[in-house]
Amino acid sequence: MSPETTLVIGGTGKTGRRVVERLAARNLPVRSGSRSSAPPFDWENRSTWLPALRDIGAVYITYHPDLAFPGAAETVGAFAQLAVANGVRRLVLLSGRNESGALRGEQAVRESGAEWTLVRSSFMNQNFNESFWLEPLLHGELAVPAGDVAEPFIDADDIADVVVAALTEDDHLGRLYEVTGPRLLTFSDAVAEISAATGREIHYRPITSEEFRAAMLAEGVPADFAHGLTELFSEVMDGRSAYLSDGVQRALGREPRDFRDYARQTVATGVWSAAGGAAVADAAE
Ligand SMILES: NC(=O)c1ccc[n+]([C@@H]2O[C@H](COP(=O)([O-])OP(=O)(O)OC[C@H]3O[C@@H](n4cnc5c(N)ncnc54)[C@H](OP(=O)(O)O)[C@@H]3O)[C@@H](O)[C@H]2O)c1
């Protein structure tokens, strides 16, 4: 009997892309689900959900933009129920630590009737090179409302390894893995590591939540997104998440990757290079 296809929602995103690559490398059937996939999958358009679920046995769920946003848990719950009603047996959810919205999203998956694994993650390293913190770094300054609160940033490769284990092995069913990197770093520490790895002057500037929201609005970020991200930072960056968890070790029996290794390897890709910074500056003129 051929293995069933896995749907990876956000299959071009930070963890989704890595999960798709890992399943494909093992010749396991996989379908990417996002607005740009065929068929498309859009959290905002429920008519896209059923076509994406056709002949699917397992789903890796990454909600966009974030489980902390209003209505996210209800949407994930509705999707999970539709998935189970249409033959999906296993759900793996990417969740966030110490967020009330993420807890509700987890509960919706627990109650779906599917076999489930919850992967509750700290902030990812790849936010610094594949996401919203890249451009500020290229401009030489990252301004975030995080004060000197420490976060155990985790590598998306480690998350993807845990997710693939949960999708392909039965040992992880009904388990909650709280996954973090091996070291607590403040944003100042993390930016200093990137600055040292690149040899470029890059600084972290702590700002208030209101400054954070205003800066996003000034850049043209949609108001609900700016508001949601501000609320997320206010909720989780108060010190409550400044501790290490052992989910990677429990799921995989190995240590997670250190931020310094991530920074060194990412420098080699050229994504943080001065040329990249110049290109951004040119584009802004
Ligand atoms: N980033 C972190 O540090 C972090 C930490 C802990 C937990 N999480 C959780 O991880 C989840 C994903 O966050 P992320 O930052 O890692 O994002 P991400 O997966 O990198 O987001 C990008 C992906 O989402 C897809 N996407 C965007 N809008 C979509 C929509 N309306 N419908 C379907 N797919 C859509 C994109 O593809 P298209 O453009 O083709 O649609 C792309 O594949 C969130 O729920 C968050 O709570 C994130």
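Summary table below
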quantity: Built amide H within the under 5 Å cut-off of E141, gap 5+; calculated: H203
quantity: The chain - accessible surface per residue (Å², probe 1.4 Å); calculated: 44
quantity: Accessible-area composition of the chain, carbon plus sulfur, in percent [1.4 Å probe]; calculated: 50
quantity: Long-range amide H partners of T5 with built H, under 5 Å; calculated: G57
quantity: Derived scalar couplings ³J(HN,Hα) [the stretch 217-224; Karplus, 6.51 cos²θ - 1.76 cosθ + 1.60; whole Hz; x for Gly, Pro]; calculated: 4, 5, 7, x, 5, x, 4, 5
quantity: Other-chain or far-sequence residues with amide H under 5 Å of T186's (modelled H); calculated: E151
quantity: Within-15-Å neighbourhood charge of A73 [Cβ basis; K, R +1; D, E -1]; calculated: -4
quantity: From phi via Karplus (6.51, -1.76, 1.60), per-residue ³J(HN,Hα) for the stretch 76-90 in Hz, x at Gly/Pro; calculated: 4, x, 5, 5, 4, 5, 4, 4, 5, 5, 10, x, 6, 9, 10
quantity: The chain: antiparallel DSSP beta bridges as a percent of all, rounded to 5; calculated: 10
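The values are calculated or read from the model by the stated rules, or taken from the named source; none is laboratory data. Because the structure is a prediction, the values reported are computed rather than measured. Glycine also receives a Cβ, built like all others from the backbone with ideal geometry; neighbour counts cover every protein chain displayed. What goes into the accessible areas is simple: the full protein's heavy atoms, side chains included, and nothing from ligands, DNA or RNA. Shrake-Rupley method; radii C 1.70, N 1.55, O 1.52, S 1.80 Å.
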